[in-house]
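A short worksheet on the structure shown next.
The values are calculated or read from the model by the stated rules, or taken from the named source; none is laboratory data. The shown structure was predicted, so the numbers you read here are calculated from the model rather than taken from an experiment. When the accessible area is computed, the model is the full protein with side chains, heavy atoms only, and any ligands, DNA or RNA have been set aside. Shrake-Rupley method; radii C 1.70, N 1.55, O 1.52, S 1.80 Å.
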Amino acid sequence: MKLGQFSAWISVDGVALTELATEYSPDRKEASCWIPSEQDKQFCVHFENDKPSPSICLSGRTYVDGIRCGGRRLRIRRSGNVAVSSGSRDSVSTSEYTRRPLVFGKQALTDDDAYLNTPISPDFGSIKVTLRQVAKAKLTEFECKRHESPPPLHERSKKALGHSIKLGAEFKSKRNRMIQDRPIKTFVNFTFKYRPIELLRAEGIAPPEQAQARTASSSEILDLTLDTDDEGDMAAEIERLEARVLALKERSKRTGPIHPRIKREMKTEESSFKAGEIIDLT
């Protein structure tokens, strides 16, 4: 997304994710969009200013599921014959010399009533980037914050989205520093609302999957089994089917009985989601 001279995007495996249904505030200070999330994929948050000024110090602050991941000052660099300032966030600190990557993970649900009234951030299911001007003061170091994966949600929560942000395997890093910036002015806010692609398609946010224009010959045999023994591929297929069943159940609640053709499709899919769960895409 882009707001004036500022831009932000989310990438997976070095490729920017498709941005869907982008919306802008009337004053063009805020932008939001939907992005497709994929289970167990690490992601990186990028932010950039294509008209940097040496006299203005910019910081990009990232939030995931309403949890602050810290700020990062933008550094001016050359891009061809043009100067830009940029920064990114793909991990969080867990100690002075260790970090854990940001990952799209399968949402953890529990039936333990101890979690029934756990507060849920209104920004759950989103990644937010705030770009602001900060004072060019000398950096002050603090004890590094230890980030943890979020607790599971109760299965009756209205925030059953299929995915949530998790922390990947810990790795060694250079020394982590906690820096406190004094904000002067907020320029723009970017919000990326993430969901499995099946849910985005079911809600009409993402275009439907392109059907293959191909007719099977009489000699071909229909094989519904997976053609791989790879556990990662099987897990991805299970996730896809679960997300589709969840989306169809939610659509049937809003539009009435499911069309017979869809019922036949659902018979071939098994779901671990329990009846009564609600999808909240807000």
Extension gain from residue 18 to residue 187, taking 0.36 nm per residue of separation minus the Cα-Cα distance:
58.4 nm
Any idea of residue 38's accessible area? Nearest 10 Å², probe 1.4 Å.
110 Å²
Of 41/174; 41/185; 51/106, which ones are farther than 32 Å apart at the Cα?
41/185; 51/106
Expressed in square angstrom to the nearest 10, the accessible area of residue 63 with a 1.4 Å probe stands at 60 Å²
Accessible area, 1.4 Å probe, largest first: how do 2, 128, 166, 51 sort?
51, 2, 128, 166
Provide the per-residue ³J(HN,Hα) series for region 2-11, in order, calculated from phi with Karplus coefficients 6.51, -1.76, 1.60 and θ = phi - 60°, each as a whole number of Hz, with x at glycine and proline positions.
9, 10, x, 8, 9, 9, 8, 7, 10, 10
